[in-house]
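This report concerns only the one structure given below.
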Amino acid sequence: MEIAFIGLGNMGSAMARNLVGAGHRLTVYNRSRAKAEALGTGVRIASSPGEAVRECEAVVTMLAEDSAVEDVVSGESGIAHGLPNESVHIGCSTISTALARRLADLHAAHGQEYVSAAVFGRPEAAAAKKLLVVAAGKTETVQRCSPVFDAIGRQTFMAGSEPWQANAVKLCGNFLLASMIESFGEAYATLRKADVDPHLFLDVMSALFGSPIYANYGRLIADGRYEPAGFALRLGFKDIRLVLETARECGSPMPGASLLHDRMLEAIARGMGDIDWSGVARISALHAGL
């Protein structure tokens, strides 16, 4: 496929490399040109989002937040202006459900398609092509995008016919991950005060749950290894804020998410915004006097 890719952070760069490796023809745009050049030969570099998408069948965006996505989509140099009719914008960014609905309406008005394709996995999973893809949109449009999903992930799930439904899955999934991180932080703080090695506890929990997610995050927190950040705490805070917005839209109370919101806000206020989001466990340690 002729694909444009916009957003070459830790996740996006790995995804773009896998698309090239799968034989797709790639045009990329990134605010920092050096990250685009780092992909090597065989990748075309555009000077604007609109230029990147002019001849593509699909454009993938992988950006940090709503405002960044809106910036590359709108305006005369944006995706919506340059994307050919019937081509697809595949949104992989973790954004609000409200923005996903606006993007679907905007692209429809331009004769284009929009699919939300949220991804679960840290940068190392992206590099290994082991992301979980959660897609939503028109069935035939999602099916057209399957070569992209196959190139970046190990399994694809269909969340529904409305793109924003995939974003709801992503936000609720990140809420569960953040809840696990908070639980580890609280448990480890208590265990350290009980003079029990958190690594021993992690071995027990890994045997009990049999989950690589528990093992990976549990090890990060037990080791206190929060830098470099695979996923920055400030971005995790953004996701918890967005899941609370979605909960309000749906009239669904999420008291645990409210607790996590305040926990992460405290961590950011203490200058921890750029460490890995698993570093919110430091707040439990601080409250325990450790």
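The values are calculated or read from the model by the stated rules, or taken from the named source; none is laboratory data. Fair warning: this is a prediction, and the values are worked out from it, not measured in the lab. Glycine gets a Cβ as well: all are built from the backbone with ideal geometry, and neighbour counts include every protein chain shown.
List of remarks:
- Residue ID - farthest from Arg192 (Cα to Cα), chosen from residues in segment 245-289 that are crowded, with 19+ Cβ neighbours inside 10 Å and touching a Ser or Thr at 6+ places or on another chain (Cβ under 7 Å): Thr246
- Here is the figure for segment 19-53: residues that are part of a loop (DSSP other than H, G, I, E, B) and either farther than 30 Å from Leu171 by Cα or of a type in the set (Phe, Trp, Tyr) (or both) total 8.
- Tally of residues being modelled with pLDDT under 95 and more than 20 Å from Glu2 (Cα to Cα) across segment 72-106: 3
- Some residue of segment 12-19 being touching a Ser or Thr at 6+ places or on another chain (Cβ under 8 Å) and hydroxyl-bearing (Ser, Thr, Tyr): no
- Sole exception among (1) farther than 21 Å from Ala135 by Cα; (2) surrounded by 21 or more Cβ atoms within 10 Å (Cβ to Cβ) for Gly40, by number: (2)
- Close pairs (7 angstrom Cβ cut-off, 6 or more residues apart or separate chains): within 21 Å of Glu162 (Cα to Cα) in segment 122-150, assigned to a helix (DSSP H, G or I) and of a type in the set (Lys, Arg) anywhere: Val134/Lys170
- Residues located in segment 48-74, provided they are free of Cβ contacts under 8 Å to residues at least 12 places away in the same chain and either more than 18 Å from Arg101 (Cβ to Cβ) or among the charged types (D, E, K, R) (or both): Asp71
- Counting only strands (runs of 3 or more DSSP E) that fall entirely inside segment 54-153 and contain at least 2 residues that are within 16 Å of the chain's Cα centre (by Cα) and β-branched (Val, Ile, Thr), the qualifying elements are 58-61, 113-120, 131-136.
- Among the residues of this structure, Leu286 does not count as one that is at pLDDT below 95 and over 21 Å from the mean Cα position of the chain (by Cα).
- Residue count, segment 38-86 (criterion: touching a strand residue (DSSP E or B) at 6+ places or on another chain (Cβ under 7 Å) and among the charged types (D, E, K, R)): 4
- Taking the criterion of being within 21 Å of the chain's Cα centre (by Cα) and either aliphatic (A, V, I, L, M) or modelled with pLDDT under 95 (or both), the residues of segment 263-283 that qualify are Met264, Leu265, Ala267, Ile268, Met272, Ile275, Val280, Ala281.
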